[in-house]
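Structure, as structure tokens:
Every number in this text was worked out from the coordinates using simple rules, so none of it is lab data. Here the structure is a predicted model, which is why all the values come from computation and not from measurement. Counting neighbours? That spans all protein chains shown, and the Cβs are built from the backbone with ideal geometry, glycine included.
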Amino acid sequence: MKKLVGATHRLGIELNARQVRQFELYYQELIEWNKKFNLTAITDYQEVQLKHFLDSITVILALTKEEMENPDLSIIDIGTGAGFPGIPLKILLGQPRLVLLDSTAKKATFLHHVTQRLELSNVEIVIGRAEEIAHLPLYRQQFDLVVSRAVALLSVLVELALPFCRIGGEFVAQKKGEIRQEIIKANKAIDTLGGKLSQVRKIELEELSGERYLVIIDKICATPEKYPRRPGVPKRRPI
């Protein structure tokens, strides 16, 4: 894990021996399960360290030191897939409650397995669509940090993610490429769902190619009860 250790050092993060072992085991399990479940197209040892693990860890740039050290921090990862960025954040932060949400049962099976193998506590795997799970009292407006690497327009992600975010919390969307127009088009959704654009932070690490950003949205008021709309509607008819 030399690539990962070196790059995280440049972020001001020193991975301890246990964390390095966890990332190593995570890689091994990901590759083994990928043979039957098609979890990722990226399988090269060096590329997984950077394009999955390091990229996920960059989310901490959106957090204050107090948030990172808060044992009561609660995180939900929307459309987590093989566990990105949620599991790398959990390895890094340790104590926070983590919910991994994905609509695919096969991926959830892998998530159950790998979180047990990594000995991660206080992790819950939920199978379902964000449009439906966000209406359940157990999850609605219950999280300090909502994260997503899902490939969807920001206006769509906002409708799926902000309902999970408590007032005073934040949603962090990981984005690549030219995003200016996408952010402009998402302004109405952000306002409608109770959010406020806080900042767009460019990730500047030589190990990560292309333009990468964290779009950070604060939750400033409650999301209207009718959102998110029925499954599939946010994508077909963005706000």
*Within a Cβ distance under 13 Å of GLN28, other residues only, what is the Lys/Arg minus Asp/Glu net charge?*
0
*How high is the relative contact order of region 59-135, given as a whole-number percent (alpha carbon pairs under 8 Å, six or more residues apart)?*
29 percent
*Principal axes first, then extents: for the Cα atoms of region 1-85, list largest minus smallest coordinate on each axis, whole Å, largest first.*
40, 29, 19
*Take the alpha carbon atoms of region 172-198, find their center, do the same for region 39-99, and report the distance between the two centers in whole angstrom.*
21 Å
*Taking only C-alpha pairs under 8 Å that are 6+ residues apart, what is the relative contact order of the chain in percent?*
17 percent
*Candidate aspartates and glutamates - alpha carbon under 16 Å from LYS196, same-chain residues fewer than 8 apart omitted*: ASP144, GLU159, GLU170, GLU182, ASP218
_Give me the net charge for the shell around VAL233: Cβ to Cβ below 10 angstrom, other residues only, Lys and Arg +1, Asp and Glu -1._
+3
*Report the equivalent ellipsoid semi-axes for the chain in whole Å, largest first, defined as the square roots of five times the eigenvalues of the gyration tensor built from alpha carbon atoms.*
27, 20, 17
*For region 45-164, what Kirkwood radius comes out of the mean inverse Cα-Cα distance, in Å?*
14.5 Å
*asked:* Can you give the longest run of the chain that contains no GluC sites (Glu not before Pro) sitting in a DSSP loop with at most 15 other Cβ atoms inside 10 Å?
replied: 15-118
*Could you please state, rounded to a whole Å, how far the C-alpha centre of region 1-30 is from the C-alpha centre of region 207-239?*
29 Å
